[in-house]
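A short write-up of the structure that comes next.
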Amino acid sequence: MQRILKSALVALWFMVLTFPLLAIKINPVSKTVSWHFDRVAMLAVGIFVLALGWDWCFSRKNRGLPVFSLPQNITARMSAIANNMALRRASLFFIVGALVAMPLTSSLYQTNIMISALLYVMLALGLNIVVGLAGQLVLGYAAFYAVGAYTYGILFQHFGLGFWACLPLGGVFAVLFGLGLGFPVLRLRGDYLAIVTLGFGEIVRLSLQNWSDLTGGPAGIANIPRPGLFGVDLSLEGSTTYIYYLVLAAVFLTVLVIGRLRNSRVGLALKALREDEIACEAMGINLMRIKLSAFALGSCWAGFAGVIFAAKTTFINPSSFTFMDSCMILSMVVLGGMGSISGVAIAAMILILAPEYLRAFSEYRMLIFGLIMVLMMIFRPQGLVSGEKLTYRISALLAKGKGGAA
Amino acid sequence: MKPVLEVKGLSKNFGGLRALNDVDLTIHQGEIVALIGPNGAGKTTFFNCITGIYVPTEGSVTLHKGEQAIVLNGKKPHEVTALGMARTFQNIRLFPDMTVLENVMVGRHCRTKAGIIGALLRDPITRAETQDSIDKSYALLESVNLHEVYHETARNLSYGAQRRLEIARAMATEPQVLLLDEPAAGMNPQETRELEGLVQQIREQNELSILLIEHDMGMVMSMSDRIYVMEYGSRIAAGTPAEIRSNPQVIKAYLGEGDYA
Amino acid sequence: MDFQYFLELFFGGLTRGSIYALIALGYTLVYGIIELINFAHGEVYMIGAFTALIVAGLLGFTGFPAAGILVVAALAAVIWCAAYGYTLEKVAYKPLRGAPRLSPLISAIGMSIFLQNYVLLSQTSDFVPFPRLLPEFDFLEYIGYIMGPSDFLILVTSTCTMVALTCFIRYTKMGKAMRATAQNRKMAMLLGIDADRIISLTFIVGSALAAIGGVLIASHMGQVNFNIGFLAGMKAFTAAVLGGIGSLPGAMLGGMVLGLCESFTTGYISGNYEDVLAFGILIVILIFRPDGILGKAKVQKV
Ligand SMILES: Nc1ncnc2c1ncn2[C@@H]1O[C@H](COP(=O)(O)OP(=O)(O)OP(=O)(O)O)[C@@H](O)[C@H]1O
Ligand SMILES: [Mg+2]
């Protein structure tokens, strides 16, 4: 009862709070006011329910219980899958099969959506190296994406270079930018680093916007060619399918690379950096080197993704690389779980595909991205998929196991 | 006996505060040396200065490696560790979300080489190195009796276990000098006794010297070969446990007016 | 003539700078107490501008005198922004006390995106004209060529606000409690200061200042939009860092310096890179002198 009263009070508070902005809309030109009391009423009901849920979530959180039980089921099931080799192979096979078959069975429109979803998977996984593994909060990731895209755009426009020549170059330039940013920020604390990378991202975007001679200014660069396939001229459908497979291959490569990296000596050092910088350095890890590696690896993927993006849309301008885009990629990492490959990939898919297929949802897309970041931090900071522990083969135990069996 | 670590005239100022004032300290091969003093005496600051975390205001730190004398001042913490000094932290600094085994494996970093290319290619050399690193880390866990929980997340360990894990992690860097900052803090007497045994065992099994900061006088007196006493950033006494026990200045400054021993 | 141009730029810079300073104070107050970059602070400022717009619009139809409308609208903006600031802290930051340092920052970024889109969805994505409410000052005729009525109003209001804030922090009991909490939260709590209340108070005060900034800028520029908060917020943060984050005089000084820099580069060089300049200053300061002009260096304890 007390809870209900409290929730009602909270709902009332929010009604008052949001009243001017939600309920009143002024049109200064026609000098009319439109009232929207329905919105406030709806919000009040929503807040009432949320406030009940909020308390419930906190009581669970304070008792050390997981807040979201559904994802918990998924994780349990996933770990069951992960432990069952046959099932794991089967499901992996199924997912890969579905992804490979996708463009053959769906429309051009859907293939295009899937391409952008996969591009975001790639971006999110790349950012996951820097934020998820190494714990360096980078808020200007879209800048590296832009560097990749503009590498292709500019090199094509001025030198006529093709897609395949630009793909590695896009990666190289992005890495150069990554190192250029990485060097000066080595000593910075977490939150200052975040702000500096934000500033860096904005400077890159503003420069693209203002340096018209090179970048085409706000209008951007148009007529960028799609990738060619051994000189064969492809139809629009053909080349879309081609790009789809290209992106898919790139995503598989990304997953492979990050999977291997995470398992390695460098991956361990990155995680140690995330957990405790001072202890990390005291354990003999060269902070400068490991941080720069993280920046280089992360920006590299954004560069590749940028080149592919330019080839896919054939048209680029600075407005595709704003702070909001960086935040979108970040929210995928946050939702998926820092450092988790499957989680981040799934989160990127959900966050891109859901607004496309649920039209009602699409208007609220950024609103929900923002909300996700807040709620995840409060209730499930480890992300949807968490607790992925790597297993190690320990010779001593294996030998013992054999000895016991014999 | 030949010296392993020689510290001369070490001083450190924090603004107006002189946290270390002209401190000399020498550790010989195989010795266990204790550094004691009341809270805020500057013991942890001393550790931070000789491991490169703080830059000392004055003084020199020299590590003797065979015939070589290596000056440590001005070196970065990771270089100091690579040269053979490893430490634990007073306020435990593990990697809390990594597993116990991974924590120790991080310590192997400076003794292994595989880079990004190796990680991606997984060539036989890299694989062998990784396996070696896993096995050595596991062996270290066995020595601190944590091998059964090697797959547990570090933050879930008990306080005492975390302290032992820090020691194992430091040992993974194959140090010549091991620096322990209050390893028994927060442990019960039983755990403290076990820790004493562990430290002794580490010293015997590896050719190393140990510098120990500790407030537990029982442990300090029974374990150390020599003791240095600090107060207000200065060294006020040095000697064997027996000498320190009867040093009037120490009794007054450190143990207070009450009697100890 | 040249000198007149210089004066124009100078006062233009001061006007701008005093707005940055007002918002910067909010960043600095919050950072001083909980070491959080309150990323959503710029959004509170934007909400202030919108609230004022709505209230002014409503009153405008009733035929209220213009100066009266401005005062009422400003008051409403201050009250609602304070409420938003308070709620923001309770919802998005308080549950994250003691969480890893980056968690509240991410939460703050999320909140900033959320609030922007909340206003976008509930109001409009277009620029909305803000009614002309500024009174004319006769005596300004003499210096009218360097300073318009809105510049004058902004300078006077923000100066008064800053003086008031300084007095509040210096001399009132609550202000002293705030300073104590900023210096050492644990100690302050031991001495019976309710840290939660002080933190709430900080958000309320900071948000109220941002609201004043929002109203002033809206009447100065004559229009508002849902995403004015981001850039203004970043610039104000730059000002806070420039002056030394955590330091109140620093925030004021930083705001003025940034405003003047912007005004002079725009006036003498080019307006294209005005925003680049702000971000450039931010980066350079954070990298080379993260403690700013007036901040004290902090040593990390091990
Ligand atoms: N980073 C720092 N900045 C300023 N002062 C510091 C810093 N680190 C330590 N000090 C000061 O130096 C003095 C010595 O501190 P230190 O931590 O070395 O003491 P300690 O002997 O380790 O004490 P304890 O037994 O409590 O661990 C203290 O007065 C402390 O406040
Ligand atoms: Mg200490």
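The values are calculated or read from the model by the stated rules, or taken from the named source; none is laboratory data. Owing to the predicted nature of the structure, the values given are computational and were not obtained by experimental measurement. Because the Cβ atoms are built from the backbone with ideal geometry, glycine has one as well, and the counts that use them run over all protein chains shown. Each accessible area value is taken on the protein alone, full model and side chains, heavy atoms only, with ligands, DNA and RNA left out. Shrake-Rupley method; radii C 1.70, N 1.55, O 1.52, S 1.80 Å.
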| Could you say whether any residue in the range A:37-50 is modelled with pLDDT under 85, touching a Pro at 6+ places or on another chain (Cβ under 6 Å) and under 21 Å from residue C:46 (Cβ atoms)? | no
| message | Whether any residue in the range A:143-156 is in a helix (DSSP H, G or I), open to solvent by less than 10 Å² (accessible area, probe 1.4 Å) and within 13 Å of chain C (Cβ to nearest Cβ) is what I want to check. | response | yes
| field | Extreme residue, farthest from the other protein chains (Cβ to nearest Cβ), among residues of the range A:243-262 that are surrounded by fewer than 19 Cβ atoms within 10 Å (Cβ to Cβ) and of a type in the set (Phe, Trp, Tyr) | value | A:245
| request: Take the range B:141-158 and flag every residue that is under 20 Å from residue B:196 (Cβ atoms) and in a helix (DSSP H, G or I). | output: B:141, B:142, B:143
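Return the residues of the range A:263-272 that are within 9 Å of chain B (Cβ to nearest Cβ), of a type in the set (A, V, I, L, M, F, W, C) and in contact (Cβ under 8 Å) with a residue 24 or more places away in the chain; say none if nothing qualifies.
Filtering the range A:263-272 down to residues within 9 Å of chain B (Cβ to nearest Cβ) leaves A:263-269, A:271-272.
From what is left, the residues that are of a type in the set (A, V, I, L, M, F, W, C) are A:266, A:268-269, A:272.
Correct list: A:266 only.
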| task | Please work out if residue B:161 is away from ligand 2 (no atom under 16 Å from the Cβ) and either without any contact (Cβ under 8 Å) to a residue 40 or more places away in the chain or in the same structural domain as residue B:63 (by TED's automatic domain parsing) (or both). | result | yes
| remark: If we keep only residues of the range B:174-186 that are in contact with a helix residue (DSSP H, G or I) (Cβ under 8 Å, 6 or more places away or on another chain), more than 13 Å from ligand 1 (Cβ to nearest atom) and open to solvent by less than 30 Å² (accessible area, probe 1.4 Å), then the residue nearest to residue B:106 (Cα to Cα) is B:175
| note | Selection over the range C:79-94 where residues are buried (at least 21 other Cβ atoms within 10 Å of the Cβ) and closer than 25 Å to residue A:192 by Cβ yields a count of 5
| query | Across the range B:187-219, what is the total count of residues that are touching a Leu at 6+ places or on another chain (Cβ under 6 Å) and within 16 Å of ligand 1 (Cβ to nearest atom)? | reply | 3
| query | Hey, among C:239, C:232, C:208, C:251, which residue is surrounded by 21 or more Cβ atoms within 10 Å (Cβ to Cβ) and more than 30 Å from residue C:276 (Cβ to Cβ)? | reply | C:208
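Out of the strands (runs of 3 or more DSSP E) lying entirely within the range B:191-239, which hold 2 or more residues that are surrounded by fewer than 19 Cβ atoms within 10 Å (Cβ to Cβ) and at pLDDT below 90? Spell out how you get there, then give the answer.
Details: elements: B:209-213, B:226-231, B:234-239.
Hits in the range B:191-239: B:234-239.
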| Scan of the range C:49-106 for residues that are within 8 Å of chain A (Cβ to nearest Cβ) and not in a helix (DSSP H, G or I), ordered by number | C:61, C:99, C:100, C:101
| query | Given the structure, is residue B:239 within 16 Å of ligand 1 (Cβ to nearest atom) and more than 14 Å from every other protein chain (Cβ to nearest Cβ)? | reply | no
| message | Going by what's in this entry, would residue A:284 be described as more than 10 Å from chain B (Cβ to nearest Cβ) and surrounded by 24 or more Cβ atoms within 10 Å (Cβ to Cβ)? | response | no
| field | Residue check, residue B:53 within 16 Å of ligand 2 (Cβ to nearest atom) and touching a helix residue (DSSP H, G or I) at 6+ places or on another chain (Cβ under 6 Å) | value | yes
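Residues being assigned to a loop (DSSP other than H, G, I, E, B), more than 12 Å from every other protein chain (Cβ to nearest Cβ) and of a type in the set (D, E, K, R): count how many of those fall in the range A:342-398. First the steps, then the outcome.
First pass over the range A:342-398, keeping only residues assigned to a loop (DSSP other than H, G, I, E, B): A:358, A:363-364, A:380-394.
After this cut, where a residue has to be more than 12 Å from every other protein chain (Cβ to nearest Cβ) as well, the list is A:358, A:384-385.
Narrowing the set further to residues that are of a type in the set (D, E, K, R) leaves none.
Looking only at that region, the number is 0.
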| What number of residues within the range A:114-135 are open to solvent by 10 Å² or more (accessible area, probe 1.4 Å), closer than 25 Å to residue A:168 by Cα and of a type outside the set (Ser, Thr, Tyr)? | 1
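Just to verify a result, which residue in the range B:9-19, among those that are under 21 Å from the mean Cα position of the chain (by Cα) and more than 14 Å from chain C (Cβ to nearest Cβ), is farthest from ligand 1 (Cβ to nearest atom)? Step through it out loud before you land on a result.
Pass one, the range B:9-19, residues under 21 Å from the mean Cα position of the chain (by Cα): B:9-12, B:19.
Pick out the ones that are also more than 14 Å from chain C (Cβ to nearest Cβ) and you get B:9-11.
Numbers: B:9: 17, B:10: 12, B:11: 12 Å.
So, considering only residues that are under 21 Å from the mean Cα position of the chain (by Cα) and more than 14 Å from chain C (Cβ to nearest Cβ), the one farthest from ligand 1 (Cβ to nearest atom) is B:9.
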| note | In the range A:1-16, residues that are outside any loop (DSSP other than H, G, I, E, B) and either surrounded by fewer than 19 Cβ atoms within 10 Å (Cβ to Cβ) or in contact with a Cys (Cβ under 9 Å, 6 or more places away or on another chain) (or both) total 11
| remark: Matching residues in the range C:57-78 (free of Cβ contacts under 8 Å to residues at least 12 places away in the same chain and either of a type outside the set (Ser, Thr, Tyr) or open to solvent by less than 20 Å² (accessible area, probe 1.4 Å) (or both)) number 8
